[in-house]
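Here the structure comes first, spelled out in structure tokens, and everything after it is commentary.
Read-outs throughout are calculated quantities, based only on the coordinates presented, and are distinct from any laboratory measurement. Note that this is a predicted model, so its numbers are computed, not measured. Cβ sites come from the backbone with ideal geometry, for glycine too, and all protein chains shown count toward neighbours.
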Amino acid sequence: MTGFERWGAAMARTLYGPGGFYRRELPGRHFATSAQTPAFAEAIATLADQVDARLGRPAGFTVVDVGAGGGELLERLAGLLDERVRLVAVELRPRPPYLPGRVEWRVEPPEEIEGLLIACELLDNAPCDVAVVDGRGRVRYEEVDGSGETRLGEPVTGADAAWLAEWWPIFTEGERAEIGAPREALWRDLTARLTRGTALAIDYGHLKTNRPEAGTMTGFKDGRETPPIPDATRDITAHVAVDAIACDRLETQREALLNLGLDADLPPLPMAFHDPVGYAEALARAGTAARLTDPQGLGAHWWLRTDRDLR
């Protein structure tokens, strides 16, 4: 059991510190992501090929997956992309034994990247502090202990107060906000490594016109949403203020995947009679595509794209 600390420190400790959640656990055991599906990998392969072509098919084209989890996305990309494409997974856990040999596994991203950098549901796990308006209208940090109990801490001042004023102003008693500056800093660091190509962040998020009054901090454990208790047994996540993240293009996952050719249409019914196996496979693909593009679910994820030196 730990004493009270700000949410950012609690997240950093229980997610990424010694014995932390992401050093021990496979994310796929606790929650589902787009990156775990073949249809998503096919769309990313199409995007990678588009970026590769716009760069003139350089010899050193690299796909980097930051926060690779169990490596499912790169495992599938290994069968979809040309052998000349370098595949790099960035993750804290040890390398899974089932990955193809061409997939590199490392703790830190390469210093320079020419190609495609992907961060799927990474920014929502970047440690961030929580601000709450108290009974006197003051904006204060919220603190949490190892059991999930919370209390109000010091007033929010300085750069954090400036960030809230610009991106997520709160005024009414009980209003909460997750201070997104650490997410911006993480994405700046990652995109600074991109020399040529595209960086893509995919995440839950919201815009300034529709911020949630109660915030979004929550937990996931064993496939279920749980209270965000910082005990290192569960994922702790908060949606991203996506309009505060510097990027060249912001669109929903539904828009992005449909533009990349993902087909969510059901196969024609007569196919079930003359090709039942093919019909079953096509039906399964359509079901996955529908889930990935559902505007009330994964399709509402935001895609934040930054391009460097594309023709």
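Details
- Region 130-178: equivalent-ellipsoid semi-axes (sqrt of 5 x gyration tensor eigenvalues, Cα, Å): 18, 12, 9
- The residues packed around Tyr141, meaning those with a beta-carbon under 12 Å from its beta-carbon, carry a net charge of -3 if Lys and Arg are +1 and Asp and Glu are -1.
- Gain in span if fully extended, Thr157 to Arg57, counting 0.36 nm per residue against the direct Cα distance: 31.1 nm
- Those GluC sites (Glu not before Pro) in region 144-199 that DSSP places in a loop and that have at most 14 other beta carbons within 10 Å: Glu149, Glu173
- Estimated distance in nm for a label pair at Arg136 and Arg311, the labels positioned 7 Å out from Cα along Cα-to-Cβ: 6.4
- Taking 4 °C and 1.567 mPa s as conditions, the chain diffuses translationally at an estimated 63 µm²/s according to Stokes-Einstein applied to its Kirkwood radius (Cα pairs).
- Fully extending the segment from Glu173 to Arg95 would add 23.4 nm, taking 0.36 nm per residue of separation and subtracting the current Cα-Cα distance.
- Label-point gap, in nm, between Arg193 and Ala214 - each point 7 angstrom along Cα→Cβ: 3.7
- Cβ-Cβ FRET estimate between Gln50 and Arg224, R0 fixed at 35 Å, reported to 0.05: 0.40
- Length gained when the stretch Leu80-Leu260 is fully extended (0.36 nm per residue, less Cα-Cα span): 63.3 nm
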